[in-house]
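So the structure is just underneath, and the comments pick up after that.
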Amino acid sequence: MPWVRTAGCRPRTFGDSILVALCTVLLFACSCGKKEKPVEDTEVASPPPILTADQVTMDPQGLASVMKGEVVPATPHQAGAKPLLNGEPQHLRYHFDQDSLTPGYHFNQRQVLVYSISAYRDLFQGAARDTFNNEIARLQDILDGRPSRMNDTIPFFPRVDGHQLYNARVEYLQLNDGSGIRFITRYDGGVSPEIFYSFQGIVGDRYVSVFWPVTAKELPTMKEAPRVASFLEGLTQEEFEPSLETIDKIVESIQIKQPGAAPPPLQ
């Protein structure tokens with residue numbers, strides 16, 4: 001077939017035709033890629049649904065006849081205030097029988113708290129957010145490794161303006177779709193009784209915090225934290241009132257309906 005020449009143009013070759021076809025294919029592919037850009041790149045993940053009081057159940061194991069739950073409104077974080085991780089998201093609080101809970105949190109009042117980890121994290125920015133993420137990650141590492149003795153404090157929420165003096169009688173408890181650590185402790189600064197029972201656990205996106213005042217027979221008046229912890233380690237479960245085993249059973253009976261997905265990656 002003879003070459004076709006037009007005014008001012010060189011002859012079109014077979015190679016030119018191939019080049020044009022390739023360019024057309026590439027342009028089509030780029031156009032298709034733009035149209036099929038995933039929507040999720042611009043979407044923000046929805047937070048887990050807020051729990052209602054009837055979505056958490058537990059068996060008080062004879063230590064109480066009635067359990068009452070309530071939704072506690074959020075308390076905003078105040079930058080620069082103490083403790084660093086002050087403030088709380090909206091959450092659930094449960095108390096027993098006719099216990100009267102005063103505003104704030106006092107470790108001499110038995111209660112169970114359930115938070116959304118995502119909502120808790122969203123209270124904070126900057127250094128406070130990093131600290132919160134580190135504490136959640138540290139607790140998860142403890143629950144994964146399950147050390148029998150702790151050489152450091154155990155993460156604890158809600159935060160109070162005091163320091164964890166020791167932790168004794170460490171045990172790991174299993175909940176539905178989650179787990180946690182129980183221990184006996186005391187805080188300084190006058191914010192806690194002589195000793196109290198605590199449980200700190202993670203169930204999906206939910207953080208479960210339990211504190212329950214206990215007494216121990218012949219608890220010495222000595223104030224040196226290591227000596228107190230050593231004394232507590234030597235007691236049987238029945239030498240605590242109430243028995244640690246009974247409180248453990250209450251904690252292990254906690255059932256959280258629709259606990260939500262695992263918390264999103266730390267940011």
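When G189 is tested against (1) touching a His at 6+ places or on another chain (Cβ under 9 Å); (2) surrounded by 13 or more Cβ atoms within 10 Å (Cβ to Cβ), only condition (2) is not met. The numbered conditions (1) farther than 21 Å from S243 by Cα; (2) crowded, with 17+ Cβ neighbours inside 10 Å are all true for Q200 except (1). Regarding the range 244-265, can at least one residue be identified that is modelled with pLDDT of 90 or more, closer than 25 Å to E135 by Cβ and part of a strand (DSSP E or B)? Yes. Every listed requirement among (1) modelled with pLDDT under 95; (2) more than 27 Å from I184 (Cα to Cα); (3) not in a loop (DSSP other than H, G, I, E, B) is met by K68 save one, (2). When Y94 is tested against the conditions (1) modelled with pLDDT of 90 or more; (2) part of a loop (DSSP other than H, G, I, E, B), the lone failure is (2).
Being touching a His at 6+ places or on another chain (Cβ under 8 Å) and on the phi < 0 side of the Ramachandran plot is the requirement here; does S100 meet it? Answer is no for this residue. Consider the range 215-238 and keep the residues that are surrounded by 12 or more Cβ atoms within 10 Å (Cβ to Cβ) and assigned to a loop (DSSP other than H, G, I, E, B). The one that is nearest to the chain's Cα centre (by Cα) is L235.
Exactly one residue out of F199, F211 is out of contact with any Gly (no Cβ under 8 Å at 6 or more places or on another chain), assigned to a strand (DSSP E or B) and modelled with pLDDT of 85 or more: that is F211. For the range 152-187, the set of residues classified as in contact (Cβ under 8 Å) with a residue 40 or more places away in the chain and charged (D, E, K, R) consists of R159, D161, R169, E171, D177, R182, R186, listed by residue number.
Taken residue by residue, the range 76-88 has no member that is under 20 Å from V56 (Cα atoms) and part of a loop (DSSP other than H, G, I, E, B).
Only a single item in (1) on the phi > 0 side of the Ramachandran plot; (2) modelled with pLDDT of 95 or more; (3) not hydrophobic (A, V, I, L, M, F, W, C) is not met by D177, and it is number (2). Checking each residue in the range 68-104 for being surrounded by 18 or more Cβ atoms within 10 Å (Cβ to Cβ) and in contact (Cβ under 8 Å) with a residue 60 or more places away in the chain picks out L85, N86, E88.
Looking only at the range 220-240, residues that are within 14 Å of N167 (Cα to Cα) and among the aromatic types (F, W, Y) come to 1 in all. If you go through the range 123-148 and keep only what is assigned to a loop (DSSP other than H, G, I, E, B) and in contact with a helix residue (DSSP H, G or I) (Cβ under 9 Å, 6 or more places away or on another chain), you end up with L123, F124. Among the residues making up the range 127-160, those that are closer than 22 Å to H77 by Cα and among the small types (G, A, S) are A127, A128, A137. Residues that are assigned to a strand (DSSP E or B) and β-branched (V, I, T) were ranked within the range 180-196; the one that is nearest to the chain's Cα centre (by Cα) is I181.
The values are calculated or read from the model by the stated rules, or taken from the named source; none is laboratory data. Since the model is a prediction, treat every value here as computed from it, not as a measurement. Cβ: placed from backbone, ideal geometry, glycine included. Neighbour counts: every protein chain shown.
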